[in-house]
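Only one structure is covered here, and it is reproduced in the block below.
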Amino acid sequence: MRDPIADLRRIAFLLERANEATYRVRAFRSAAKALAGLPAEEVAERSRAGKLTELPGVGDVTARCVTESLAGEEPVYLRRLAATEGTDLDAEATALRTALRGDCHTHSDWSDGGSPIEEMALAAVELGHEYLVLTDHSPRLKVARGLTADRLRRQLDHVARLNEALPEGFRILTGIEVDILADGSLDQDEELLARLDVVVGSVHSGLNDDRAKMTRRMLAAVANPHLDILGHCTGRMVTSRPAGVTGPGDRGHRVRTRPESDFDADAVFAACVEHDTAVEINSRPERQDPPKRLIRRALEAGCRFAINTDAHAPGQLDWQRFGCERAARCGVPADRVVNTWSADELVAWTHA
Ligand SMILES: [Zn+2]
Ligand SMILES: [Zn+2]
């Protein structure tokens, strides 16, 4: 017996993973939500009578998927998507991916993500993660609806409640992707940064700062005792993203390519070693940040890494494979990657 709601959610996941436009994904998530509120007999009855589309949120395509699923068949739509599933990883990348136990950089619809925290968490559970660090944006990033101190406090209460209902052995860790401001300070209250499990810090403004200024800015941020992970350090965008795809820095707007910021990478990586700040390997296909030559230099410097998705939708949580592929090409060993640790080990490290 197939579960039509699980099939709809699986389709949404695969569409997100394939970087499809948010409105296409939303059709499936909305339909899944509409049906989840009804008794199974009513769904079956409506399917037989052709009355599924009378429900708000259910259209012709999603109704057909449900009917096929109830008949015990894999929906045609799902079968076609599953056939285009990602490429296989080689042995080194697979070993690294298998060693990862969580993701330290993810967004929800509290900032510029497309889905509620609970949906992100459920997708992480299905991927086999033990934890998901929720890192919505900080106040100054207004285009991404960055969280004020008050909203972040409310989010912390909300996450505490969600954690009580989530399966044993999995938890949402609290966090932030905090903006590194022009002077290198971090864009959130000190008291809150101290409370969070994981602090990722990223540059989102003034990406064209000259080399000396950008280096000073990054060195100040890395030296901040609250910073745990330096996010997408060059800020580059290697491919443009079409409008309508959920991603960073906007709510579905087009994003153009952008060159790397100019900074003294050796000085910044040396500071990361000194202050035990991990360098993020950002897995987003449009970012691929840092580039491989800088991953190699960070590795030689002795840095730790975090292989993160920066997911803005549940299906994007599966992009860790891309980061693992690039890390493996540079010879990054699993014992240098902080998200190969358990949640307790990770939090012990961030609070050390
Ligand atoms: Zn960012
Ligand atoms: Zn982000």
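Here are the numbers for the structure shown:
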| item | result |
| --- | --- |
| Spin-label proximity, residue 238 to segment 272-310 - amide N less than 14 Å from point 7 Å beyond Cα toward beta carbon | 281-296 |
| Residues of segment 2-41: accessible area per residue with a 1.4 Å probe, Å² | 48 Å² |
| Total formal charge among the other residues, if their Cβ is under 15 angstrom from that of residue 290, Lys/Arg +1 and Asp/Glu -1 | +2 |
| Percent antiparallel among DSSP beta bridges (both partners in the chain, rounded to 5) | 15 percent |
| Protein accessible area in the chain, 1.4 Å probe - carbon and sulfur % | 50 percent |
| In order through segment 128-138: 3J(HN,Hα) via Karplus (6.51 cos²θ - 1.76 cosθ + 1.60), integer Hz, x for Gly, Pro | x, 5, 9, 7, 9, 8, 8, 10, 6, 6, 9 |
| Packing-based order for 102-109, 337-344, using average beta carbon neighbours within 10 Å, highest first | 102-109, 337-344 |
| Residue 98 paired with residue 6, simple spin-label distance in nm, labels 7 Å along Cα-to-beta-carbon | 2.5 nm |
| Estimated distance in nm for a label pair at residue 54 and residue 154, the labels positioned 7 Å out from Cα along Cα-to-Cβ | 3.7 nm |
| Segment 242-352: equivalent-ellipsoid semi-axes (sqrt of 5 x gyration tensor eigenvalues, Cα, Å) | 25, 18, 13 |
| Cβ crowding within 10 Å averaged over residues, with 200-209, 228-237 ranked highest first | 228-237, 200-209 |
| Rounded to 10°, Cα long-axis angle of helix 22-36 versus longest principal axis of the chain | 50 degrees |
| Cα-based helix-to-principal-axis angle, 117-126 vs the chain, degrees rounded to 10 | 80 degrees |
| Nearest-ten-degree value, helix 4-17 long axis tilted from longest Cα axis of the chain | 30 degrees |
| Among 305-316, 152-163, 63-74, the order from most to least packed when residues are scored by Cβ within 10 Å on average | 305-316, 63-74, 152-163 |
| Share of Cα-Cα pairs in the chain lying beyond 31 Å, as whole percent | 33 percent |
| All lysines inside 30 Å of residue 33 as judged from Cα atoms, apart from same-chain residues fewer than 8 positions distant | 51, 142 |
| Cα-projected label distance for residue 18 with residue 126, points at 7 Å along beta-carbon direction, nm | 1.5 nm |
| Gain in span if fully extended, residue 61 to residue 44, counting 0.36 nm per residue against the direct Cα distance | 4.5 nm |
| Estimated translational D of segment 40-149 in µm²/s (Stokes, Kirkwood radius over Cα pairs; 10 °C; 1.306 mPa s) | 90 µm²/s |
| Unit charges on C-beta of K, R, D, E only; dipole of the chain, Debye | 1080 debye |
| Around residue 345: net Lys/Arg minus Asp/Glu count, Cβ-Cβ under 11 Å | -1 |
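The values are calculated or read from the model by the stated rules, or taken from the named source; none is laboratory data. The structure presented is a predicted model; accordingly, all values stated were derived computationally and were not measured. Every residue, glycine as well, gets a Cβ built from its backbone with ideal geometry; the counts of neighbours run over all protein chains shown. SASA here: full protein model, heavy atoms, side chains in, ligands and nucleic acids out. Shrake-Rupley method; radii C 1.70, N 1.55, O 1.52, S 1.80 Å.
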